[in-house]
Structures are given as structure tokens and as C-alpha cells.
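Working notes, structure below.
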Amino acid sequence: MRIHLVNPSDVSFGTAVITPRWLYVLAGATPAAFEAPSIVDETLEPFDAGTVAAGDVVGIGIHTGNVLRGYEVGCAARARGAFVVFGGIHATLYPDEVREHGAAHAVVSGDGELVWPQVLADCAGGSPAARYDGGRIDGDAFVSARWDLLPEGKYMWGSVQTVRGCPKHCSFCSVWRTDGQKPRQRRVAAVIREIVELRRRGFKFVLLADDNFYPVTLADLAAADRRADKQRFAALTELREERFALMAELARLPGDMIFYTQITMEAAEDPAFLQAMKKAHIHGALVGIESVTPEGLKAVFKNFNDAGEALVTRLQAFRSHGVHVLGSFIFGLPTDTPSTFDATADLAQRAGVSFAQFVMLTPFPGTIDFGNWEGTEAAAATVNGTPLKRYWLIPSSQRPKIYSPHPLMAADEIRARTQQVWDRFYALSAIWQRSACVKSIRSRLAFMLISKLYRQMYANTGIATDSARHARSARRARWLAKAARRLFVTAPMPDLQEPAGLAGRVVSKHLAIRVVT
Ligand code: B12
Ligand code: SF4
């Protein structure tokens, strides 16, 4: 019985940017009694069903964006006589749909690593169960990825997870509902070991694939400290100290390492944290800015963000500590007006944001926004018989780009204005101006190349409605990706040792936490 793990994608760039972590984690969770899984990442090359024999297991991981392709892979694998197993966030949310459309024998919900051996044993015995609940496992139980199975020279960035879950509750995000609001932090030693292994293989860029790298804010600590019962304060303090302990260990890794993570804007109020990030070589972070207006932030339950000039100051705090911001903005909020687009582009440039993404409001299943939208008239409309509330089942070329009618603007206007903001932010002159944040001419040119690649991969292939522009963009992205690879991958360090004294759970007791009440 061979095991195949498939990461579905309609678009293949030949070279990919970031290693899809779930593939290598499930490979790590595969018991030694089985052969190592054959891994297919369709962002590199399409899956060939001809490699599958009757009785094999084909594991497919899906999020809402790649569902349709995932179902095609499932049907093709089942037709070859394989056991088809689905997992990932979308399978967790819609197990019945996965069985109906993806020809699944089994659907795994939640975290996959601990339940995977049981799934494989049942397939080997010829009778997998229809459902497996992987639950939310503790940070100590996260399984390390099998980086020894990585294909040579295909990826630019490694990916390592340090925490799952996020205490916030943004209305457009499903993470706090699926991964939970309790941060589940992984052992420092396990994180460092994986990074050392990646560096040995020539990866100096690593994405910390976390929901929120800053799960405990100073305000959380201050609120907990005001309570008579100090249990919560002690628990939060420990979580925070673990973050610092992790960053202290990251700081001991080779100086050319570059980490990038996702974080909330509140970290700007925490200079000690930002300084530790810089020392830890965390040179960049995606910050969910979402909206530049207070009304917009209220609409997405993100009141902990700032708007206007206060926002500019907060974002500049990241820059002044050497952390580049990839600002993420949402367009199409009911509070947006035609002037919001230019105001956002201006603010992004003024605030010293190095990179930015401008996404159109999409109701992702599992979110509050989706729950509110699912019952509306707009969601009941159909495209070729499929209701919009199941939009991921509609081929992407026929799918609308905006799902809720906007009080002021037509869907096409929002799409066109969003595209204009991408065009403006990533115009050569604007990128050149922003590239002054790095010193040498070589670094500035690299900055420009990365900016163009980012835009090509995320904007033009996602927003463009006409297929010619879409295809042209994919071609350009492929070309840019090949050129950019050399910037990211470096000489392997096969002899790199783990930092001395790396222990199980490292908690730096010496860290004094000053809470401002
Ligand atoms: C890292 C990340 C990215 C990286 C991905 C890099 C890469 N090559 O993998 C980048 C930055 C590129 C990215 C982009 C996007 N992302 Co993203 N991303 C994440 C993040 C933070 C972590 C994913 C990860 O690697 N986790 C670590 C692995 C080990 O966990 P996992 O994937 O969940 O897998 C576990 C289980 O799900 C399960 N499992 C998974 N697959 C399978 C398969 C089988 C067979 C089994 C048994 C089990 C199983 O077992 C695994 C181990 O426990 C998640 C948040 C999250 N909590 O999932 C969002 C998340 C997946 N992203 C999301 C979104 C929306 C996007 C974008 C659309 C954003 C945008 N607007 O552009 C794009 C889409 C890009 C694309 N075309 O695919 C949403 C998806 C929502 C949804 N319902 O689908 C999430 C959940 C975040 C959110 N805010 O809601 N993302
Ligand atoms: S958007 Fe970010 S801060 Fe908000 S709940 Fe999701 S992960 Fe947490």
C-alpha cells in the first residue's frame, strides 16, 4: 500500500515560494511501518493519477480556495481504486460535501497528525471509517515535518509553525473558530531543530506559519493583573516568556537567517517584543491592517487596530525596529466609499509599509461574516444551478469576485478600484521609492524583484477577470519566480549544529515583564 499526499492547485508555477507544511507534517506522522509517502504539490506540478494503484491511500488537504481541484483529484484517485482521505480546514467544515463531491472514503477534521496513523491502519485493514476527529492537539504534540522528503531546488522558503490558535475574533477569519482562541505554543527545541534542518539544506528564509505570533499583548497582561485571581496572569506570563525564550534561541542561529511571520498590530506598543523580534532575525511580518477607517475596523470586529494617523505611527514603530510590514488590507467593506481606495494607497505608502496586499472581502466559511451572509438573498442566487453560498463549487472563471451587494458601489467597480490600488502600489517608481528601506543597490534590486513577484502571484492571477490577463500573469510570475529563486536559497550548511543547551521547554525565568496598568 503506497501513500500519496496531494496539495491541490489549478495553477502551477514550476517553482514555488513556500513549502506547504501540512504535506511534510503528515509525512512526519506516517508510522515507519509504511513506506515514506509520495508527495505531490500541484503548485509545482500536476498530480498524475496514473501513479496510483488499487489499495493505495491518497491524502488530500483542502482549504476553501482549492476545493474544486481537490475534488477532481479525489475522484481520479478513487477511480483508480485508492482509499481517498481528505483533511484540512475546508474538509473540517464540510465533511459531507467532501464525501459527495470529492469521492472521499474518509474525512479527517481538525489537526491531522495524531489521528493519521489510525487512518492508515484502517486503510491497510481495508475498512477506513467515514469520519475521524483529530481535535485540537496540545502544542507539545505537534509533529515535526519530514524535510528530508523535500524535492531539491523547488522552494524558496521553508515553513515552521510555532503556535496554533488566536485569541482574537475577527469577523472575516475562521482561525479562532477552527484552531481555537487558546494559543497552543510548540516547544522551543522542536521549532529550532526544524529550522536548523532547513538551514542545513540551504534555506535561509523561513516562514513562521503561525496564526498570530503575538498571542499575548501587554493589554491582556494588564487586564489579567487587575483580577484578584492571579491564575490567568500567571498563565499569560508563561506564554509570553516562552515567546521570548523562542526568540532568544532564534537569535543564536546563523546571522543570515531571515524569518517572516504574521502578527497583530498591538505588537507596535511593545518595544521589548519588537527588539526581541529583530534580534531573532524576524525581519518581516504580515500585519492585518484591514481598514484605514474606524468604521471599517468596527465592521470587522478589529477595534484593537488603530486608524488614521495613529495607524501610521503604529506601523512606523515596526519599521523603526527593523521589522518590515506586509500590510494586509480588505476592500469591499460596507463602510468603504470610492475615496477609501486612494486613502488606503496613500496611507500604505506614508506608513512605510514595505509590501501590501489588497484583498476583496470574501465570506470564508466558518466566519461570522459567512454566517451573516449565508442566509441572505444574495447568497441564494445561483450560477449554473450552484448557490453562491457554496461559491467554491463554481469554477473560478464563473465565480463572482464580490459576494455581498455594496451600499454604494457595484461589484465591478470595487474589483476595478482594487486592481488600481495594486497597480499604483506596485508601480516601478513607487517600489523604487520604498526600496530605500534597504541599503545596497543589489538589495534594492532584490526588493524590486520580490515586489513584482509578489504582485504577479497574488494580484493579477486572483483579481483579473479576463482569462488572457490571468494567463499572461501566471507566465510572468513563473518567469519572475525562477529569477527570484537565487535570491532566497543559499549554500547549504550540512554541518550546522543545534545551539548548545537546547532543552525541551525553555522558559526564561529571568525576563522581567513590566505591566503598565
Ligand atoms: C501559512 C499560511 C499561508 C501561506 C501558505 C504557504 C504554503 N505554501 O503553505 C500563504 C501566506 C501563502 C497563505 C496564503 C493564503 N491564505 Co493562508 N494560511 C496560512 C496559515 C497561517 C497556516 C497554514 C499552515 O501551514 N499551517 C500548518 C499546517 C501543519 O496546518 P494545516 O495546514 O492546518 O494542516 C493540519 C490540519 O489541517 C490537517 N490536514 C491538513 N491537510 C490534511 C490532509 C489530510 C489527508 C489529513 C488527514 C489532514 C490534513 O493536518 C495538518 C496537521 O495538523 C493558515 C491558518 C491556519 N490556521 O490554517 C492560513 C489559512 C489557511 N489561509 C487562508 C487564506 C484565506 C489564505 C489566502 C486566500 C489569503 C489571501 N487572501 O490571499 C491565501 C491563499 C493562497 C493560495 N492560493 O492557496 C485561510 C483559509 C480559510 C479557508 N476557509 O480556506 C486560513 C485558514 C487563515 C484564515 N485567516 O482564515 N496562507
Ligand atoms: S485575522 Fe488574525 S488576529 Fe484576527 S482572528 Fe484571524 S488570526 Fe486572529
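The values are calculated or read from the model by the stated rules, or taken from the named source; none is laboratory data. Here the structure is a predicted model, which is why all the values come from computation and not from measurement. Glycine gets a Cβ as well: all are built from the backbone with ideal geometry, and neighbour counts include every protein chain shown. Remember, those area values only see protein heavy atoms, side chains included, never the ligands or the DNA or RNA. Shrake-Rupley method; radii C 1.70, N 1.55, O 1.52, S 1.80 Å.
Details
- Reported count of residues in region 404-434, each being in contact with a strand residue (DSSP E or B) (Cβ under 8 Å, 6 or more places away or on another chain) and more than 22 Å from Phe370 (Cα to Cα), is 4.
- Residue count for region 46-62, restricted to those that are closer than 26 Å to Ile195 by Cα and surrounded by fewer than 20 Cβ atoms within 10 Å (Cβ to Cβ): 0.
- Count - residues of region 208-230 that are more than 17 Å from Pro254 (Cβ to Cβ), within 16 Å of ligand 1 (Cβ to nearest atom) and either surrounded by fewer than 16 Cβ atoms within 10 Å (Cβ to Cβ) or among the aliphatic types (A, V, I, L, M) (or both): 1
- Subset of region 140-155 [surrounded by 21 or more Cβ atoms within 10 Å (Cβ to Cβ) and either in a strand (DSSP E or B) or modelled with pLDDT under 95 (or both)]: Tyr155
- Matching option when the condition is open to solvent by less than 20 Å² (accessible area, probe 1.4 Å) and modelled with pLDDT under 95, among Ser291, Ser339, Ser320: Ser291
- Verdict on Arg21 being open to solvent by 40 Å² or more (accessible area, probe 1.4 Å) and not β-branched (Val, Ile, Thr): no
- Of the candidates Asp225, Asp229, the single residue that is more than 11 Å from ligand 2 (Cβ to nearest atom), without any contact (Cβ under 8 Å) to a residue 12 or more places away in the chain and out of contact with any Leu (no Cβ under 7 Å at 6 or more places or on another chain) is Asp229.
- Options Ala77, Ala33: the member that is away from ligand 2 (no atom under 16 Å from the Cβ), surrounded by 22 or more Cβ atoms within 10 Å (Cβ to Cβ) and either within 21 Å of Trp116 (Cβ to Cβ) or modelled with pLDDT of 95 or more (or both): Ala77
- Among the numbered conditions (1) under 23 Å from Ala190 (Cβ atoms); (2) open to solvent by less than 50 Å² (accessible area, probe 1.4 Å); (3) touching a Leu at 6+ places or on another chain (Cβ under 8 Å), the only one that Val40 does not meet is (1).
Conditions (1) more than 8 Å from ligand 1 (Cβ to nearest atom); (2) in contact with a strand residue (DSSP E or B) (Cβ under 6 Å, 6 or more places away or on another chain); (3) at pLDDT below 95; (4) assigned to a strand (DSSP E or B), marked per residue:
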position	(1), (2), (3), (4)
Leu114	yes, no, no, no
Gln118	yes, no, no, no
Tyr132	no, yes, no, yes
Arg177	yes, no, yes, no
